[in-house]
Every structure is written in structure tokens, then in C-alpha cells.
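The values are calculated or read from the model by the stated rules, or taken from the named source; none is laboratory data. Please read all numbers here as calculations on a predicted model, not as lab measurements. A quick note on method: Cβ atoms are made from the backbone with ideal geometry, for glycine too, and the neighbour counts reach across all protein chains shown. With ligands, DNA and RNA removed, areas are computed over all heavy atoms of the protein, side chains included. Shrake-Rupley method; radii C 1.70, N 1.55, O 1.52, S 1.80 Å.
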Amino acid sequence: MFKKILIANRGDIAVRILRACKELGISTVAVHSECDSNLMNVRLADESVCIGPNRSIDSYLNISSILSAAELTGTEAIHPGVGFLSENEKFARMVAEHNMKFIGPRPEHISMMGDKIAAKRTMKKLGIPVVTGSEGEIQSVEEAISIAEITGYPVIFKASSGGGGKGMKIANNSGEVANALKMAKAEAKANFGSNSVYMERYLAHPKHIEVQIIADNYGNVVHLGERDCSIQRNHQKLLEESPSSVISNDERNKIGEIVTKAVGEIGYIGVGTLEFLYENGEFFFMEMNTRIQVEHPITEMVTGVDIVREQIKIAAGEKLSFSQEDIKVTGHAMEFRINAEDPKTFTPSPGNIDELHFPGGNGVRVDSHIYRNYTIPPYYDSLIAKIIAYGKDRAECIAKGRRALSELVIDGISTTTDLHKKLLENSDIIKGEYDIHWLMDNLENI
Ligand code: MV4
């Protein structure tokens with residue numbers, strides 16, 4: 001096992017990783033920007049290094065600063081966390097070149113999944129269901145129209161190097177194709193530096209269902225069931241649950257089997273998530289995330305697997321300590337993302353936390369880095385806490401969630417807490433009847 005790990009991240013996820021390191025007896029190095037010296041993960045770490053000015057580009061995205069900090073402290077492995085450099089192929093490669101372990105998949109798998117066309121083509125070949133559409137990059141309006149004649153309208157154009165919804169454009173008929181394609185290409189170019197786009201049949205009312213996998217260096221691949229992440233606002237997830245209320249045991253086993261087989265065939269190592277759209281009982285692969293995800297705790301709650309601990313053990317060359325037969329999805333978990341945001345406009349609400357009380361008790365987990373009198377800086381993600389509720393079934397989970405949110409006190413800044421309270425009183429949410437558009441369609445009247 002590693003003796004020392006550097007955590008190349010900040011906030012709640014850095015605390016989460018640090019906790020796993022402590023439990024494994026691994027010494028920790030925190031890195032931080034100038035304004036972040038009083039972060040909880042910096043306080044809890046054995047050592048810390050300031051890696052640059054406040055802007056992410058100068059600190060948390062500064063590869064040479066982070067590698068210098070790692071060399072200076074005698075780090076054996078680097079955990080990139082979520083966001084920042086977590087899906088940066090070049091960073092993964094450079095960590096290895098400096099004789100350290102990157103706690104994540106191999107660089108070639110990061111780049112394969114970063115290219116959405118390549119990812120889709122690979123998964124399709126391996127038997128994973130995908131949405132019908134163009135085989136590769138769309139070259140012309142004529143090509144798009146002739147493919148749309150087969151798939152039917154509406155169609156959606158997506159950036160090849162995209163993700164997160166940027167650069168997506170819908171065409172409802174052949175008359176809209178030219179403009180949608182032009183707009184998608186321009187947005188792709190502006191956001192990702194490449195104007196390459198591909199096309200798919202547009203699904204009108206799907207759910208976002210993602211499958212968690214974990215694979216070791218010895219060919220063992222296990223899936224940990226699914227998460228329903230359909231409650232999103234502008235492609236920002238807000239509430240996630242596991243299992244999904246629309247997925248049966250048979251469906252879970254079936255998609256899990258398909259996914260683990262495919263992941264095994266490409267020799268993927270580490271943790272990963274395959275994102276699907278799910279509509280009328282069918283799964284359609286969208287993209288694969290090659291990192292630990294924000295919403296991993298709900299999977300930990302229903303499977304009992306400490307995913308971050310296992311991720312570190314895999315990077316250290318250890319075998320998975322469980323097989324698929326050992327995994328049973330038991331009970332129900334929900335994650336409520338508490339963001340420092342205005343509840344109406346969702347604009348960031350940085351500032352001082354004047355008063356703080358976290359809920360606890362049976363079935364409640366809180367992953368957070370904030371404390372009373374901590375000042376949230378304006379430079380980074382607005383996620384400040386994840387409240388996770390667990391119950392023996394969905395109804396009990398909702399009851400625990402309501403109770404936990406009612407105990408939560410965060411004064412001095414605005415948060416998304418009240419929105420979650422309202423969601424848990426909404427009849428559609430209580431019934432589990434929601435798709436990817438539900439939150440945007442209902443924000444005004446909940
Ligand atoms: C789609 C789609 C409908 N049909 N693809 C948005 C982000 C990106 N990862 C995929 N996205 C979508 N792809 C087809 N063929 C609808 C969306 C989509 C969406 C997906 C998941 C969660 C929220 C969403 C909100 C709007 C659109």
C-alpha cells in the first residue's frame with residue numbers, strides 16, 4: 001500500500017479522499033491555492049503545499065505546480081478527485097512519467113472516453129445499446145439529413161469532445177438541420193476547441209441512469225448498480241438516488257452484466273461510470289466518466305462498498321476484495337446537493353458561514369468541508385455539502401431526508417436546502433415519476 005498520497009483537489013471531495021487515506025493508514029498531502037489555506041482538507045492533512053494563485057488555472061489546474069509539490073513531499077500517488085485534472089490524459093501520463101501512481105484509469109482510457117464518438121463506437125461494438133445516429137463526425141448538412149431520414153426526427157447534434165450539455169442542438173425537421181448543425185459546430189469550437197459534432201435521434205422524455213463499475217488489475221470487474229440522476233438544472237445535478245425507482249432487479253442485472261463484460265474487454269482499470277438515457281424500458285449509452293463522481297456516496301450506502309477506499313487499493317495493485325455475487329443493492333439512498341447559491345437564480349452565493357449545524361442520526365451521512373466561520377471563496381464550485389439519507393426502502397429514505405434537511409442550519413449565505421425540502425414534499429418526486437426535464441419544467445411551481 002502507498003505510504004503517502006497527494007490529493008490534487010479541494011473541498012468536500014478532498015475531505016472524502018483524505019478520510020479514506022487516514023483509514024488506510026496513508027499519510028496525506030493537501031495542495032491549495034492562496035485563498036484556500038484554511039480549507040478543512042488542508043487542516044486535516046499531514047502536510048500541505050500552496051500551489052498558486054486563486055484562479056483554478058493557476059493552481060488546481062497547474063500541472064507543474066502539483067507535480068513539484070508531489071516531488072517535494074515524497075508522494076507516491078496522486079488522487080485527482082472530481083473535476084479539475086481528474087479526466088486529463090496529459091496529467092495522468094505526466095504523473096506516471098514522474099514515477100508516481102495516478103489514482104484513476106490508464107491515460108488511453110481517459111482519452112478514449114473523452115472522445116465521445118470513439119467512446120460510443122467502442123461501446124456499440126462491445127454490445128452496449130446506443131442511440132441510432134451518425135457513425136462518426138457529421139461532414140455536411142446533406143449527410144445529416146440523409147441519416148435523419150433513417151433515424152427519424154427530432155435529431156440532436158452533440159460536440160465530439162463535449163459533455164455536460166454544451167454544444168447540443170436539436171433539429172425537429174429537415175428545415176432546421178442546417179442551422180442546428182451550424183450552431184452546434186460553433187458552440188463546440190468555442191467551448192472545446194474542435195468543431196467536430198455527431199448526431200443522434202433525440203429522446204424526448206428519458207431518465208438519466210448511470211451504472212457504477214469498479215475494475216482491478218486482474219480482470220475482475222464488478223458493477224455496483226445504478227443511480228438515477230435525472231433531477232438536474234442546466235446540466236447540474238441536484239438530487240440523486242439509488243436504486244432508481246424505475247429499474248427492476250432483472251434490468252439491473254442485465255445492464256450490469258453487459259457493462260461489466262464491455263469494461264473488462266477494453267481492459268479498463270479503476271472506478272468508472274457509464275451514463276445512459278433510459279426511455280420506455282430501453283438503455284442508451286451516452287458517455288463514460290473515468291473518475292470518482294460527486295454522487296458516489298449513495299452507491300456506497302446501498303452496496304456497503306467504500307468506493308474511494310477500493311479505488312486507492314486498486315491503484316496500489318491490490319485485488320478487489322469482493323465479486324459480483326457479494327454485491328446486493330439493499331435499501332434506498334438519496335443525495336441532496338447543498339450549493340452556496342441563490343435559491344431562485346442559482347447564482348453563486350459565496351461568503352461567511354455565520355452559523356452551522358449538520359444533521360446526523362440513523363441513516364444520515366454528511367460529506368462536507370465547511371465549518372462555522374469558514375468563508376466560501378468565489379472562485380470555485382458552489383457545492384458545500386452533500387446530505388445523504390439512507391432507509392430500508394424509498395419511503396423511509398424520504399422520511400430520513402426530510403428529517404435531516406429540517407435539522408440543517410447554514411446561516412450567512414443562501415443555499416439550495418429549501419428547494420430540497422420542497423422536492424421531498426412534491427407528489428411526482430414522492431412517486432418517483434420524473435425525467436431529465438422535470439426540474440426545469442417544475443421549478444416555477446414547486
Ligand atoms: C440526449 C438527450 C436526448 N436524446 N441525447 C445532455 C448532456 C449530455 N451528457 C447528454 N444530454 C442529452 N442527450 C439524445 N439522443 C437529452 C440530453 C439531455 C439531458 C441528459 C441527461 C440529463 C439531463 C439532460 C437535460 C437536457 C438534455
* To do: Examine the stretch 87-110 for a residue that is more than 20 Å from residue 296 (Cβ to Cβ), at pLDDT 95 or above and among the aromatic types (Phe, Trp, Tyr), and state whether such a residue exists.
  => yes
* **Odd one out for residue 366, checked against (1) in a helix (DSSP H, G or I); (2) surrounded by fewer than 18 Cβ atoms within 10 Å (Cβ to Cβ)** => (1)
* Structure fact -> Flagged in the stretch 395-433 as of a type in the set (Lys, Arg) and open to solvent by less than 70 Å² (accessible area, probe 1.4 Å), in numbering order, are 400
* Any idea how many residues of the stretch 103-115 are touching a residue at least 40 places away in the same chain (Cβ under 8 Å) and either over 26 Å from residue 2 (Cα atoms) or open to solvent by 20 Å² or more (accessible area, probe 1.4 Å) (or both)? -> 6
* Asked: Going through the stretch 205-224 one residue at a time, which ones are touching a strand residue (DSSP E or B) at 6+ places or on another chain (Cβ under 8 Å) and open to solvent by 10 Å² or more (accessible area, probe 1.4 Å)?
  -> 205, 207, 208, 221, 223
* Got a sec? Which of 149, 135, 176 is under 29 Å from residue 437 (Cβ atoms), modelled with pLDDT under 95 and away from the ligand (no atom under 14 Å from the Cβ)? -> 135
* Asked: Name the residues in the stretch 116-160 that are assigned to a helix (DSSP H, G or I) and open to solvent by 40 Å² or more (accessible area, probe 1.4 Å), would you?
  -> 121, 124, 125, 141, 142, 143, 145, 146, 149, 150
* To do: Take residue 164 and decide whether it is within 30 Å of residue 265 (Cα to Cα), open to solvent by 30 Å² or more (accessible area, probe 1.4 Å) and out of contact with any strand residue (DSSP E or B) (no Cβ under 7 Å at 6 or more places or on another chain).
  => yes
* Report yes if some residue within the stretch 422-442 is β-branched (Val, Ile, Thr), within 18 Å of residue 339 (Cα to Cα), more than 16 Å from the ligand (Cβ to nearest atom) and modelled with pLDDT of 95 or more; otherwise report no. => no
* Within the stretch 322-343, identify whether any single residue is surrounded by fewer than 18 Cβ atoms within 10 Å (Cβ to Cβ) and under 16 Å from residue 409 (Cβ atoms), and answer yes or no. => yes
* **Residue among 291, 252, 227 that alone is open to solvent by 10 Å² or more (accessible area, probe 1.4 Å), within 16 Å of the ligand (Cβ to nearest atom) and modelled with pLDDT of 95 or more** => 291
* Could you list all residues from the stretch 414-439 that are in contact with a His (Cβ under 6 Å, 6 or more places away or on another chain) and of a type in the set (D, E, K, R)? => 435
* Asked: Among (1) under 27 Å from residue 36 (Cβ atoms); (2) open to solvent by 40 Å² or more (accessible area, probe 1.4 Å); (3) touching a residue at least 60 places away in the same chain (Cβ under 8 Å), where does residue 436 come up short?
  -> (1)
